[in-house]
Amino acid sequence: MKVLVLLALVAIAAAWPNLGFQADGAGVSDAQKQHDVNFLLHKIYGEIRDSNLKAKADSFDPEADLSHYSDDGAAVQKLMRDLKDHRLLEQKHWFSLFNPRQRQEALMLFDVFIHCKDWDTFVSNAAYFRQRMNEGEFVYALYVAVIHSPLAEHVVLPPLYEVTPHLFTNSEVIEAAYRAKQTQTPGKFQSSFTGTKKNPEQRVAYFGEDIGMNTHHVTWHMEFPFWWQDSYSHHLDRKGENFFWVHHQLTVRFDAERLSNYLDPVGELHWDKPIVQGFAPHTTYKYGGQFPSRPDNVDFEDVDGVARIRDLLIVESRIRDAIAHGYIVDRAGNRIDIMNERGINVLGDIIESSMYSPNVQYYGALHNTAHIVLGRQADPHGKYALPPGVLEHFETATRDPSFFRLHKYMDNIFKEHKDSLPPYTVEDLKFNEVSVDKVSIDGQLETFFEDFEYSLINAVDDTQEIADVAISTYVPRLNHKDFSFNIDISNNGGEALATVRIFAWPHRDNNGIEYTFDEGRWNAIELDKFWVKLSPGTNHIVRKSSESAVTVPDVPSFETLFEKTREALGGADSGLTEFESATGIPNRFLLPKGNEQGLEFDLVVAVTDGAADAALDGLHENTEFNHYGAHGKYPDNRPHGYPLDRKVPDERVFEDLPNFGHIQVKVFNHGEHIHH
Ligand SMILES: [Cu+2]
């Protein structure tokens with residue numbers, strides 16, 4: 001997120017009227033803020049382990065001086081009233097963002113944080129409410145506040161899988177962790193994926209159950225929350241379109257993993273057909289029992305108090321009707337034209353739906369309702385008092401293969417719209433005197449598995465009096481060898497700014513049939529996007545896989561954060577800058593797994609007019625702009641997926657385009673596993 005803040009200081013200052021950039025007049029250092037956040041999120045089910053913060057938790061009075069809030073204390077007074085009236089959810093209870101009352105409570109706390117004028121007020125409130133509110137609500141509110149509040153601009157959030165390990169770790173391993181703690185014996189436990197080899201879906205469990213993938217998904221939804229209202233502080237640029245794109249990319253990436261493992265692409269979910277795949281999550285809530293399982297071939301049932309299947313079908317048909325008409329009807333009955341490049345943004349707002357939807361009454365909330373309905377199929381009438389399913393948490397949703405069926409279904413609706421727009425012409429896409437002469441890869445496109453270890457110290461109960469013993473787990477995860485793109489571009493004109501967009505799609509489907517260009521581009525994985533300044537003549541560009549704008553590095557562990565923060569408090573550079581944004585695909589997942597023979601991909605490079613594309617200045621000097629970041633104006637004027645986002649009835653348009661490069665590559669996996 002924060003890289004974009006640097007890019008667009010001016011734009012953002014204008015967009016945050018309530019919270020001027022200099023709000024933190026007290027001059028609290030970034031290292032101090034990092035220290036506070038570390039301790040606020042460490043051992044959240046017990047006492048705060050920092051004496052300073054603990055003192056604030058015990059003695060701070062949130063309502064004592066309302067001049068510290070940019071809303072004159074309106075939010076804090078509202079929350080305090082519910083607290084005093086004992087209306088808030090108890091501690092040691094599960095929390096789900098999809099539960100309306102629980103969400104409301106978490107957002108009341110977020111509302112307090114976002115209106116704090118200075119860090120001291122922010123952190124005092126955090127300490128105070130951590131001690132009194134439900135832990136899940138607190139963690140959620142604090143994460144979203146740190147992501148969105150300018151007061152926390154340079155704070156790096158700890159990995160959620162170490163803050164709330166239960167949502168990321170199999171129950172068997174969690175049980176082993178409790179036993180280790182009870183006997184005060186250090187332990188390092190191996191995690192495996194949920195099912196057995198009898199279940200073909202397990203061949204791709206390394207994707208949906210990857211803790212980095214889970215973190216990517218939950219972080220994206222915190223960066224672009226569906227409940228966001230601009231009155232909190234600022235507008236989230238192209239939120240609806242981003243919703244489409246981030247899930248579209250998950251869908252095509254998952255299909256590429258399936259092809260790598262000799263599985264057919266995901267079939268879309270049908271409300272009137274059985275849910276083919278069951279799922280046994282092997283995951284337990286810290287408080288509230290096990291996540292419900294679902295057997296194979298369950299027929300959808302209406303979910304009491306949430307939705308009837310018939311309502312979902314009606315909402316779907318209204319949305320598809322709007323696509324066929326080419327316009328949306330807003331609350332007041334006015335038509336909003338969607339037959340243009342911004343139509344996808346409105347559709348995304350409607351389908352999710354977010355608070356930006358122009359007409360929730362009519363178009364409903366297809367995505368959010370579907371998550372709950374699918375999540376509750378194990379207990380649709382609440383007969384067994386089961387807690388919410390994995391699909392009702394962004395942390396756990398991708399573990400269930402039906403998540404990808406659901407998103408394939410929604411992706412197909414978005415595609416229906418995109419395919420109704422007129423195709424690009426050569427005139428639209430060509431770029432002056434610029435041509436791509438040669439594209440090649442330095443190094444091997446090769447993936448492997450490795451073991452990754454993370455701490456479970458926050459999973460178990462403990463007391464301050466007894467020393468911690470080291471408890472951790474290690475999980476297999478996908479990674480790739482380093483490589484670079486080599487791109488030769490000739491420029492027969494003057495100096496020019498260019499956008500370089502790199503995509504890859506599988507060359508053949510699972511039956512070995514070659515994809516047409518139009519089928520292929522709908523399966524295109526976005527690998528990178530960056531801006532360069534082209535000199536007249538020949539330009540040789542080397543772009544490293546580690547630089548990809550669509551990916552992020554691994555989030556540093558709690559242990560690393562504590563260590564770096566200690567050093568930074570002593571005056572050293574924290575070395576944490578590159579981790580400020582966690583919004584993106586894990587870099588390890590840049591390439592799909594591939595296979596022994598080498599899975600064939602079409603790799604395409606489109607070099608387009610950077611001056612026309614850039615929504616901000618200076619993009620060519622920034623090597624780290626985050627593709628999924630939300631703050632300020634989105635840097636690329638073009639729609640997500642450009643120029644492959646429109647239907648291609650005649651692929652000669654691209655073949656004849658001098659500024660478009662197209663080669664064939666293979667991604668290998670030789671079964672290598674780097675053991676712990
Ligand atoms: Cu999602």
Of the residues in region 38-60 that are buried (at least 18 other Cβ atoms within 10 Å of the Cβ) and over 32 Å from the mean Cα position of the chain (by Cα), the one that is farthest from Tyr287 (Cα to Cα) is Phe60
With the structure loaded, tell me whether Ala176 is out of contact with any helix residue (DSSP H, G or I) (no Cβ under 8 Å at 6 or more places or on another chain) and either free of Cβ contacts under 8 Å to residues at least 24 places away in the same chain or within 16 Å of the ligand (Cβ to nearest atom) (or both) or whether it fails that test. yes
Residue check: is Met410 under 19 Å from the mean Cα position of the chain (by Cα) and part of a helix (DSSP H, G or I)? yes
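Give, as residue ranges, the helices (runs of 4 or more DSSP H) completely inside region 202-260 that count at least 2 residues that are touching a strand residue (DSSP E or B) at 6+ places or on another chain (Cβ under 8 Å) and within 15 Å of the ligand (Cβ to nearest atom).
Numbers: elements: 205-208, 211-223, 239-260.
So the answer is 211-223, 239-260.
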Mind checking which residues of region 171-201 are within 20 Å of Glu450 (Cβ to Cβ) and part of a helix (DSSP H, G or I)? Val173
Can you find a residue in region 381-391 that is in contact with a helix residue (DSSP H, G or I) (Cβ under 6 Å, 6 or more places away or on another chain), crowded, with 23+ Cβ neighbours inside 10 Å and not in a loop (DSSP other than H, G, I, E, B)? yes
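It is to be established whether one or more residues within region 527-548 are in contact with a Lys or Arg (Cβ under 6 Å, 6 or more places away or on another chain), touching a residue at least 40 places away in the same chain (Cβ under 8 Å) and assigned to a strand (DSSP E or B). Write out each step before concluding.
First, the residues of region 527-548 that are in contact with a Lys or Arg (Cβ under 6 Å, 6 or more places away or on another chain): 529.
Adding the requirement that they be touching a residue at least 40 places away in the same chain (Cβ under 8 Å) leaves 529.
With the extra rule that they be assigned to a strand (DSSP E or B), the set shrinks to 529.
So far as region 527-548 goes, yes, one or more of its residues are in contact with a Lys or Arg (Cβ under 6 Å, 6 or more places away or on another chain), touching a residue at least 40 places away in the same chain (Cβ under 8 Å) and assigned to a strand (DSSP E or B).
Just to check your reading of the model, which residue among Asp602, Asp528, Asp573 is more than 18 Å from the chain's Cα centre (by Cα) and crowded, with 20+ Cβ neighbours inside 10 Å?
Numbers: Asp528 fails: more than 18 Å from the chain's Cα centre (by Cα); Asp573 fails: crowded, with 20+ Cβ neighbours inside 10 Å.
Matching residue, one of Asp602, Asp528, Asp573: Asp602.
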Six or more apart or on different chains, Cβ under 7 Å: which pairs go from a residue in region 398-412 that's touching a residue at least 40 places away in the same chain (Cβ under 8 Å) to one that's within 13 Å of the ligand (Cβ to nearest atom) and among the aromatic types (Phe, Trp, Tyr)? Could you list them? Phe404/Phe254
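Could you please find all residues in region 581-599 being assigned to a loop (DSSP other than H, G, I, E, B) and either out of contact with any Lys or Arg (no Cβ under 7 Å at 6 or more places or on another chain) or surrounded by 20 or more Cβ atoms within 10 Å (Cβ to Cβ) (or both)?
Keep residues of region 581-599 that are assigned to a loop (DSSP other than H, G, I, E, B), which gives 581-584, 590-594, 596-598.
Across region 581-599, the qualifying residues are Ser581, Ala582, Thr583, Gly584, Leu590, Leu591, Pro592, Lys593, Gly594, Glu596, Gln597.
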Residues in region 400-414: is at least one within 16 Å of the ligand (Cβ to nearest atom), at pLDDT below 95 and touching a Phe, Trp or Tyr at 6+ places or on another chain (Cβ under 6 Å)? yes
What strands (runs of 3 or more DSSP E) completely inside region 447-519 contain at least 2 residues that are among the hydroxyl-bearing types (Ser, Thr, Tyr), modelled with pLDDT of 95 or more and within 30 Å of Glu651 (Cβ to Cβ)? 484-491
Region 267-285 - residue that is in contact (Cβ under 8 Å) with a residue 60 or more places away in the chain and under 19 Å from Tyr384 (Cα atoms) and, of those, surrounded by the fewest Cβ atoms within 10 Å (Cβ to Cβ): Ala280
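The values are calculated or read from the model by the stated rules, or taken from the named source; none is laboratory data. Note that the structure is predicted; figures quoted are calculated from it, not measured. Note that each Cβ is placed from the backbone with ideal geometry, even for glycine, and that neighbours are counted across all protein chains shown.
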